[in-house]
Amino acid sequence: MRFQMRAAAGRGFGLRRLLCAGLVFTLAGLPARAGEAPAWPDNAVSRLAALALVQTLNADLLSHASATLTLDRWCAAHRLAEKPVIVADRVRGQDKPAGAEIRALLKVAADEPVRYRRVQLRCGDTVLSEADNWYLPARLTAAMNETLETTDTSFGRVVKPLDFRRTTLASRLLWQPLPEGWATGAKLPPPGPGPLAMPAFLLEHRAVLTLPDGTPFSALVESYTRQVLAFPPPVGSPGVAE
């Protein structure tokens, strides 16, 4: 697992170096319109920039305990909203009971209470991720449980006083903008006449949160949307005005 995490971070670093070496461009730096990602041109430079940015976000998520605080920084760095603070919106009525796999991750028996919380994390009007969270109320404080039950405050902010640790079990890119072997001469997709098409979700993480002594208290599945790239494409790439 450590190797997988280091490899992912390394790929992100390598792509950043490649961009810096010859394909670095200044971002226009304007906030996206509410709920709408600016169109990126469909060309090799945009695809490389998209891959580098998604890998950069992936590496940042892998190296920090709180996805919420990581998205705070991402939101601010890319000016996705006038107030760059992540807000959690509860999604109700879609409860998913904790199955055997989740209970095994949390190390609890079948009769132990496990609560479920689904949220969308947004920056302004832009939804950056959707998360399924199974957590153990018995391992949180009464005040934390009340906040989680009665407000939309993000889980990471609520449990921050626990000084928790995050173990990423799986990190998976859901979109490959460039073909396998692109760095060693594989044929790149030809430029398209329209905008670069991106799927609804670009990245998925599965993780467990633990107390400092290693006791697990939360299991997460996080899906990061294409809106993480909801800022103007690099100025200077073909098809983008200076």
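The values are calculated or read from the model by the stated rules, or taken from the named source; none is laboratory data. Every value quoted in this text rests on a predicted model; they were computed, and no experiment measured them. SASA here: full protein model, heavy atoms, side chains in, ligands and nucleic acids out. Shrake-Rupley method; radii C 1.70, N 1.55, O 1.52, S 1.80 Å.
Can you name the residue in the stretch 69-91 that is closer than 12 Å to Ser154 by Cα and open to solvent by less than 10 Å² (accessible area, probe 1.4 Å) and, of all such residues, is modelled with the highest pLDDT?
So, considering only residues that are closer than 12 Å to Ser154 by Cα and open to solvent by less than 10 Å² (accessible area, probe 1.4 Å), the one modelled with the highest pLDDT is Leu71.
Would you mind finding the one in Trp175, Trp134 that is over 20 Å from Leu71 (Cα atoms) and under 19 Å from the mean Cα position of the chain (by Cα)?
After applying the criteria, what remains is Trp134.
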